[in-house]
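For reference, the structure discussed in these notes is given below.
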Amino acid sequence: MADRVTVIGWDGSPLTASARSALSAATLVAGAAHHLALPEVPPAAERVRLGSLGLAAARIAGHRGTAVVFADGDPGFFGVVRALRAPEHGLEVEVVPAVSAVAAAFARAGMPWDDAQVVVAHPRTLRRAVNVCRAHSKVAVLTSPGAGPAELALLLEGVHRTFVICEELGTDKEQVTVLTSDKAADHSWRDPNVVIVIGGQPAAADPAWLLGQSAAQSAGRGWARPQFDVGEGESAQLRAAQLARLGPRTGDLVWDIGSGSGALAVDAAALGAAVIAVDADPHACERTAAAARSRGVQLQIIAGRAPHVLEDLPEPDVVRVGGGGAEVVAAVVDRRPERIVSHASTRDEAEAIGRALTGGGYAVECALLQSVGLDTRTWTEQQRSVVFLLAAERPVSRPDRT
């Protein structure tokens, strides 16, 4: 095992005295090509190009001598420190920090970032990163090859955002470009880069006290609030049960089909999910937009009739079918979301929806929900609601055992 491992963050500034001291004693130096080309790297030191962090960590762990690992920005912020400290390598490291790429990007843009979301985009996580950009008005995306500004822009089609693209921060090739998201796919961008994605509902004027805290998350306690209730199938009790079964979270894309008043769509967005609300009634779309503005959340609203309008929508993680019955449920099943919830006012309708779900291979539960609202001054009945709640979950696929 290496006698000593020092991780040096590099933001383009001259190396500190502690960084130069560690580097002068190094017998192995790992980093990107521009790190290894620094004049302070000892000529006799073994040089390791950082590609796979796991392979590099294993090489460093097996080295007999003193190792230095370079990383762009702050190595403890979505950086190499986590990989090096993983239990399988057993490395204890000393860290020389630097300004993170995210902090540098916001500094170049002249913007505060305590209210920003920060996500890492790899090809396998790109869709979830895009969903965060849909759901929040200020997001910093740490990109990677195959998951850069162009790919972000393509998956954000239909959602207007402004991109601040910071290429090769801290180098003499540094460049900052500001353009609308629909133009980003027309360019080639140099790695590494950070993309600040801005747009949608303005953030709250009050200063943040928790990193990334959104206006919607701090707007008040609770969800499934009774004051939003409008129309059949939108009781607070049913909505609470539907949200509990869906479990929308940051990085998810929620379809709310038949959004009605927009109450469930707004609740899902306030929980951190990206939401597309669909309704054939233009007045329902207007109510949904008003509810989103009131709560301070981001929504994409589509006016159209399901199932046909669903064909061009991006893939959902969870779906609430608030209208359209078994035909719409069957179309949703074809898109294979993780969870689907719906409701029915009659047993026949509930059975038809249940058959559409089970026929698609989903595990289905059904409950008859009855709620009665009482006037607490006289304890007399105000409103009664009886509805079938159907919740379905896609089975987890397991690899074949051969």
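The values are calculated or read from the model by the stated rules, or taken from the named source; none is laboratory data. As the structure is a computational prediction, the values presented were derived from the model and not from experiment. We place every Cβ from the backbone using ideal geometry, glycine too, and count neighbours over all the protein chains shown. Ligands, DNA and RNA are stripped out before the accessible areas are found, and what is left, the full protein with its side chains, is counted by its heavy atoms. Shrake-Rupley method; radii C 1.70, N 1.55, O 1.52, S 1.80 Å.
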*Go through the stretch 312-325 and give me each residue that's free of Cβ contacts under 8 Å to residues at least 40 places away in the same chain and either buried (at least 21 other Cβ atoms within 10 Å of the Cβ) or within 22 Å of the chain's Cα centre (by Cα) (or both).*
ASP312
_Given the criteria over 18 Å from the mean Cα position of the chain (by Cα) and not in a loop (DSSP other than H, G, I, E, B), does ALA265 qualify?_
no
*Go through the stretch 41-52 and count every residue that is in a loop (DSSP other than H, G, I, E, B) and open to solvent by 70 Å² or more (accessible area, probe 1.4 Å).*
2
*Report the residue count in the stretch 97-120 for those that are closer than 19 Å to GLY251 by Cα and either at pLDDT 95 or above or touching a helix residue (DSSP H, G or I) at 6+ places or on another chain (Cβ under 8 Å) (or both).*
5
*What number of residues within the stretch 1-35 are in a helix (DSSP H, G or I), of a type in the set (A, V, I, L, M, F, W, C) and surrounded by 14 or more Cβ atoms within 10 Å (Cβ to Cβ)?*
3
*Name the residues in the stretch 268-296 that are in a helix (DSSP H, G or I) and touching a Phe, Trp or Tyr at 6+ places or on another chain (Cβ under 8 Å), would you?*
ALA270, ALA291
*Which helices (runs of 4 or more DSSP H) does the stretch 99-180 wholly contain that include 2 or more residues that are in contact (Cβ under 8 Å) with a residue 12 or more places away in the chain and either farther than 21 Å from GLY79 by Cβ or hydroxyl-bearing (Ser, Thr, Tyr) (or both)?*
126-135, 149-155
_For a quick check of your reading of the model, give me the residue pairs whose first member lies in the stretch 74-97 and is at positive phi, whose second is in a helix (DSSP H, G or I), with beta-carbon atoms closer than 7 Å and at least 6 apart or on different chains._
GLY90/ALA61
*From LEU91, LEU38, grab the single residue that is farther than 17 Å from VAL194 by Cα, open to solvent by less than 20 Å² (accessible area, probe 1.4 Å), part of a loop (DSSP other than H, G, I, E, B) and among the hydrophobic types (A, V, I, L, M, F, W, C).*
LEU91
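Okay, residues lined up against (1) out of contact with any Ser or Thr (no Cβ under 6 Å at 6 or more places or on another chain); (2) over 15 Å from PRO248 (Cβ atoms); (3) at pLDDT below 95; (4) part of a strand (DSSP E or B):
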position	(1), (2), (3), (4)
GLN298	yes, no, yes, no
GLY323	yes, yes, yes, no
ARG336	yes, yes, no, no
ILE340	yes, no, no, yes
*Checking ALA67 against (1) open to solvent by less than 10 Å² (accessible area, probe 1.4 Å); (2) within 35 Å of the chain's Cα centre (by Cα), which test does it fail?*
(2)
*asked:* When you scan the stretch 53-72, do you find a residue that is at pLDDT 90 or above, touching a Pro at 6+ places or on another chain (Cβ under 8 Å) and part of a loop (DSSP other than H, G, I, E, B), even just one?
replied: no
_Being under 17 Å from PRO192 (Cβ atoms) and either basic (Lys, Arg) or buried (at least 19 other Cβ atoms within 10 Å of the Cβ) (or both) is the requirement here; does PHE78 meet it?_
no
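Yes or no, residue by residue, for (1) in contact with a Lys or Arg (Cβ under 7 Å, 6 or more places away or on another chain); (2) more than 26 Å from LEU155 (Cα to Cα); (3) open to solvent by 70 Å² or more (accessible area, probe 1.4 Å):
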residue: LEU310; (1), (2), (3): no, no, no
residue: GLU327; (1), (2), (3): no, yes, yes
residue: ALA331; (1), (2), (3): no, no, no
residue: ILE353; (1), (2), (3): no, yes, no
residue: THR376; (1), (2), (3): no, yes, yes
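Determine whether ASP114 is among the acidic types (Asp, Glu), under 21 Å from the mean Cα position of the chain (by Cα) and loosely packed, with under 14 Cβ neighbours inside 10 Å. So that I can check it myself, show each step before the final result.
Details: among the acidic types (Asp, Glu): yes; under 21 Å from the mean Cα position of the chain (by Cα): yes; loosely packed, with under 14 Cβ neighbours inside 10 Å: yes.
Yes; evaluated as a whole, the condition is true for this residue.
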_Filter result for ALA101 (open to solvent by less than 70 Å² (accessible area, probe 1.4 Å), touching a strand residue (DSSP E or B) at 6+ places or on another chain (Cβ under 6 Å) and of a type in the set (Gly, Ala, Ser))_ = yes
*Working only within the stretch 73-91, note down all residues that are farther than 14 Å from TRP10 by Cα, within 23 Å of the chain's Cα centre (by Cα) and at pLDDT below 90.*
ALA83
